[in-house]
Amino acid sequence: MHVLRCPRCGEFTPLETLSCGSCRQEVGFHLPTMSMVAADNEGTVIEGARWVPCVNRGWECNWMVAADDERPSCFSCRLTRRRPPADDTLALERLAETAVAKRRLLVQLRRLGLPIDPWDEVDGGLGFDLLSSLSDGERITTGHANGIITIDLAESLDAQREALRVRLAEPYRTMLGHFRHEVGHYYEWVLVEQGPLIDECRPVFGDERTSYSDAIARHYKLGAPPDWGQSFISEYATMHPWEDFAECFAHYLHITDTLQSAGYSGMVLHADRVEGLLERDVEPRRSYADATIEELLEDWKSLVLVLNRANHAMGKGDLYPFTIVEPVARKLGFVHRVVNASRPV
């Protein structure tokens, strides 16, 4: 994530912030320029156009919307097709927390140059159903279908999400991780399955035409094969080629966002200062669009070694508790190609 700054005092402002922590200026995120601007009620003029805060600012949305837009909600909020009813304030609180992860996802997708075609403008476009299984007993299953990503807002509760993580024996489970995994399904559907890359995808991930329902039944009955770590990034990835691609896509987003955040922070790892830990100096890049997957993963190998040690110093487990073996590196390389092929010329 690139560095965002307060338009008044220039201090660093996190992507999700509503006001500057230093000067208290009300701020909002302006998607076209990927910058923080003053979020005054009367509006802020940016490149000749007036922008005002999103109508959902009261529910923690800090994005801006063009003043002359007939729709009062921002681009991110408009991508939400279904949400809890207005009288379900508990679910709306969960929505406000979850939408932070959705907005972070959208910013990364835009920076990577991936297409974001809204569900209400394009048949099969990207949209989100953000609903809570705690609202009225309706079963909400996180997943993707025909461009719509469904997320169970109940998982924004730490206790519930952690209980599921432990029960499923997962080393990592976050709301941002859910978004990244499910959007991987979306991009496989629109960028791979419906284009020429599908013939190159199958030798890497397997034939996605095999029965998904049979794969689910087999996975939850027998689990992952004992040697899954030799070819897959996670146990869940072993279930079906669709899940393998989505898992690798999510990890590609994890890795590139963390590397780019380090790059924009000016981080440099000096091998001579930590003898025996690093083989070379590492300067994470702000963009890996022109890098090979080998260069990207080499930088990641060094950075994550340091970040994992920092986590241990705080009494926590690895920040990134996964091992990238050679077959997984090939899969990430294919994802890298898909992402780069989608960039605007």
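Shape summary: the stretch 172-253 maps onto an equivalent ellipsoid whose semi-axes, from the alpha-carbon gyration tensor, are 19, 17, 12 Å in decreasing order. Amide H to amide H, with H built 1.01 Å from N, R5 comes under 5 Å of T13, M36, counting only residues 5 or more places away or on other chains.
Normalised by residue number, the volume inside the convex hull of the Cα atoms of the chain is 169 Å³ per residue. Of all lysines in the structure, those lying under 27 Å Cα to Cα from K316, and not within fewer than 8 positions of it along the same chain, are K102, K301.
Binning the alpha carbon pair distances of the stretch 195-345 at 5 angstrom intervals from zero yields the distribution 2, 8, 16, 19, 18, 14, 11, 7, 4, 1, 0, expressed in whole percent. Among 73-79, 52-58, the peptide with the highest mean count of other Cβ atoms within 10 Å heads the list, and the full ranking is 73-79, 52-58. Stokes-Einstein diffusion for the stretch 258-345 at 37 °C, viscosity 0.692 mPa s, with a Kirkwood radius from C-alpha pairs, works out to 230 µm²/s. Distant-in-sequence amide contacts of I46, defined by a placed amide H-H separation under 5 Å and a gap of 5 or more residues or a different chain, comprise W51.
Listed values for the stretch 142-156 are Karplus-derived 3J(HN,Hα) couplings in whole Hz (6.51 cos²θ - 1.76 cosθ + 1.60, θ = phi - 60°), namely 5, x, 9, 8, 6, x, 9, 9, 9, 10, 7, 5, 4, 6, 6, and x replaces Gly and Pro. Pairwise Cα separations in the stretch 38-159 fall into 5 Å bins from 0 onward with the following percentages, short to long: 2, 11, 18, 22, 20, 15, 7, 4, 1, 0. Per-residue ellipticity at 222 nm from helix content only, as computed over the chain with -39500 (n - 2.57) for each DSSP H run of at least four residues, stands at -12500 deg cm²/dmol.
Converting phi to 3J(HN,Hα) with the Karplus coefficients 6.51, -1.76 and 1.60 and the offset θ = phi - 60°, the stretch 47-54 yields 6, x, 10, 8, 10, 10, x, 4 Hz in sequence order, with x at every glycine or proline. Taken along the Cα-to-beta-carbon direction at a fixed 7 Å, the label points for S35 and A341 span 3.5 nm.
Per-residue packing, averaged as other Cβ atoms within 10 Å, sorts the ranges 275-283, 92-100 into the order 92-100, 275-283, beginning with the highest.
Overall shape of the stretch 134-205 was characterised from the C-alpha gyration tensor. The equivalent ellipsoid obtained from it has semi-axes of 29, 15, 9 Å, in decreasing order. Modelled this way, with points 7 Å down the Cα-to-C-beta line, the labels at L15 and V122 are 2.0 nm from one another. For V27, nonlocal amide neighbours, meaning residues 5 or more places apart or on other chains whose placed amide H falls under 5 Å from its own, are S19, C20, A39. With N as its number of residues, the stretch 213-273 has a Cα radius of gyration that, divided by 2.2 N^0.38 Å, comes to 1.61. Ordering of 170-176, 107-113 by packing is 107-113, 170-176, highest average first (other Cβ atoms within 10 Å, averaged per residue). Averaging 1/r across all pairs of distinct Cα atoms in the stretch 1-51 and inverting the result yields a Kirkwood radius of 11.0 Å.
Per-residue 3J(HN,Hα) values for the stretch 188-201, derived from phi via the Karplus relation 6.51 cos²θ - 1.76 cosθ + 1.60 with θ = phi - 60°, read 5, 5, 8, 9, 10, 5, 9, x, x, 6, 4, 5, 8, 6 Hz in sequence order (x marks Gly and Pro).
Sparsely packed loop sites in the stretch 295-337 (the chymotrypsin sites (Phe, Trp or Tyr not before Pro) outside DSSP H, G, I, E and B with at most 14 other Cβ atoms within 10 Å) do not occur. Taking D257, D318, D152 as the candidate residues, the one with maximal mean-square fluctuation in a Gaussian network model of the chain, Cα springs under 10 Å, is D318.
Laboratory data are not the source of any read-out in this text; all were calculated from the coordinates shown. Please read all numbers here as calculations on a predicted model, not as lab measurements. For neighbour counting, all protein chains shown are included, and Cβ atoms are generated from backbone atoms with ideal geometry for every residue, glycine included.
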